[in-house]
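Structure record follows, encoded as structure tokens.
The values are calculated or read from the model by the stated rules, or taken from the named source; none is laboratory data. Because the structure is a prediction, the values reported are computed rather than measured. Here the Cβ positions follow ideal geometry from the backbone for every residue, glycine too, while neighbour counts run over all protein chains shown.
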Amino acid sequence: MAFSATLFAQGGSEADKGYDIYVYNSKGENAAQFAAMCAAYEAETGVRVKNFSIGSGQDHMETLRSEMNSRNMPSVFSIQGIKELAEWSQGGFALDLTTVTTGDFGKMASAIPQGLRLTSDGKTSYGIPYNVEGYGFIVDRDMLAELFGSANVDAVLADIKAATYGEWETLVKAIDAWIAAPKATSVKLNGKTYSLASSKGLLSGKLTGVFAVMGAEKWTYGDHFINVALNAVFANPVETNKADEAKIKDMKGAFLAYAQALDLKTSYLAGAKGKAVRGQDFVSSANYGYDQTVQIFADSKAVFFKQGNWAFGNIEGVNKAQSARLEFVPVKMPYQSQDVKRTDGATVAQLNSSIPVFVPNYYAVNALVPKGEQQKAFDFLYWMNNSVTGKKYIVEEFAFIPYNADPKTTSVPNSLGNSIIDYIASGNTLTAPYQGAPASWSGDVVGLRVMESYLTKRNWTSADYEAIADYAIKEWISLK
């Protein structure tokens, strides 16, 4: 549904609305903290802020459309990446920030790095990033200490990060066998040999499988897992958005790698009471939803958990001690060199030693509210990202990684955020090209097909990999 700016063009003086700016926040997880920040801004500046946050799990687009259809629409609102941009830019709601050339806000907007801008053409810029987020396989350092010896944790982590897909697959199968019958098996990582422990420890004795996986949450293997594969072909969402049919078909090898890697991950599953298997139970939200799978990992029943730094608070709520010991390792895929179609020289080794780090949400300024209200919106967003109070809320209360963080000097009060900062500092980062794909393609189309037809199936074959890859290509072309 697209709105037209002409329906809501405003002019003349207005009666007092009871607020000076209205800020719409689509991050339900930080609703209370966001409201507290707005109250702090009002206390410091005297500017009255109405704020609204969606409920956790709520469809923010339907709610936002309703608010935009009201007489008193938001001054600042959320856009979740390029896939939502067209509706709000074409409807005339989102202000192109490249047109704001003066003042502190103008300087801040113009300084947003090109790779973090909300743009479909590389020229415009429609939002201020909420933060940057990242994801990969989360692992507990103490679990690795029990598996490989406490003196080897840093070396093992470094070599898992640099390992080939073949080494990764061997590691997964070796840990699975070790859980069933522990013995001092040798594995190679990044060409170096490590030995698993000869017996189980306090944490490793709880293991029921290698991976904690949210079978009921299709965005985890639709949007985010498939996004890793898209990085083999596209360097950013703008490239993805511009892909023609030939380029879409070029993704066949990457999609085959995606299917094979997903098969591996979902073949070695940890359950709450023992080893889990693919099947109808695995896609049940009562058993493998978000909360249930966090619990499995936080109870030390899995070695790896593919999630992002946004899961830190959930893990901390279940196991505070474990939450301080977490790091990311990359999601690896069995690419062949010919599968990598990017034009920037990226290699299989680089892709498999990096994690996606991207902007998930943006604050857009409403082009249809009065100019005075727009200026107040500029002031609020500048304060939020530059004042002592605003930055304190972003880092300490929201547990966000600021989009403008200096990786040499910035640390955040959680282990996963700092792990992402380490990847940023080393340059081992991927982007979020899935945001440039047709809006429903990755999660609601491909993710749903994977859930219904494959995660309920015990064994996969190479023919299944082909079917998944062909379906992903066909549906993208049909939706474009």
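A compact table of results
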{"item": "Criterion: of a type in the set (A, V, I, L, M, F, W, C), in contact with a Gly (Cβ under 7 Å, 6 or more places away or on another chain) and closer than 20 Å to Asn428 by Cα - qualifying residue of Val331, Val348", "result": "Val331"}
{"item": "Answer residue from the stretch 74-97, given it is surrounded by fewer than 19 Cβ atoms within 10 Å (Cβ to Cβ) and in a loop (DSSP other than H, G, I, E, B) and is farthest from the chain's Cα centre (by Cα) among those", "result": "Gly92"}
{"item": "Every residue from the stretch 372-403 that is in a loop (DSSP other than H, G, I, E, B) and out of contact with any helix residue (DSSP H, G or I) (no Cβ under 7 Å at 6 or more places or on another chain)", "result": "Ser387"}
{"item": "Qualifying residue in the stretch 181-189 (condition: loosely packed, with under 15 Cβ neighbours inside 10 Å, part of a strand (DSSP E or B) and not aliphatic (A, V, I, L, M))", "result": "yes"}
{"item": "Matching helices (runs of 4 or more DSSP H) fully within the stretch 404-480 where at least 3 residues are of a type in the set (Ser, Thr, Tyr) and surrounded by 17 or more Cβ atoms within 10 Å (Cβ to Cβ)", "result": "415-426"}
{"item": "Filter pass, Ile138 being assigned to a strand (DSSP E or B), in contact with a strand residue (DSSP E or B) (Cβ under 8 Å, 6 or more places away or on another chain) and either buried (at least 19 other Cβ atoms within 10 Å of the Cβ) or in the same structural domain as Trp310 (by TED's automatic domain parsing) (or both)", "result": "yes"}
{"item": "Some residue of the stretch 214-234 being basic (Lys, Arg), on the phi < 0 side of the Ramachandran plot and at pLDDT 95 or above", "result": "yes"}
{"item": "Count - residues of the stretch 190-220 that are surrounded by fewer than 17 Cβ atoms within 10 Å (Cβ to Cβ) and β-branched (Val, Ile, Thr)", "result": "1"}
{"item": "The lone exception for Ile226 - which of (1) surrounded by fewer than 24 Cβ atoms within 10 Å (Cβ to Cβ); (2) touching a residue at least 24 places away in the same chain (Cβ under 8 Å); (3) more than 18 Å from Trp310 (Cβ to Cβ) it fails", "result": "(1)"}
{"item": "Qualifying residue in the stretch 240-256 (condition: closer than 30 Å to Asp291 by Cβ and touching a Ser or Thr at 6+ places or on another chain (Cβ under 8 Å))", "result": "no"}
{"item": "Considering residues of the stretch 308-333 that are touching a strand residue (DSSP E or B) at 6+ places or on another chain (Cβ under 8 Å) and in a loop (DSSP other than H, G, I, E, B) only, the residue surrounded by the most Cβ atoms within 10 Å (Cβ to Cβ)", "result": "Val331"}
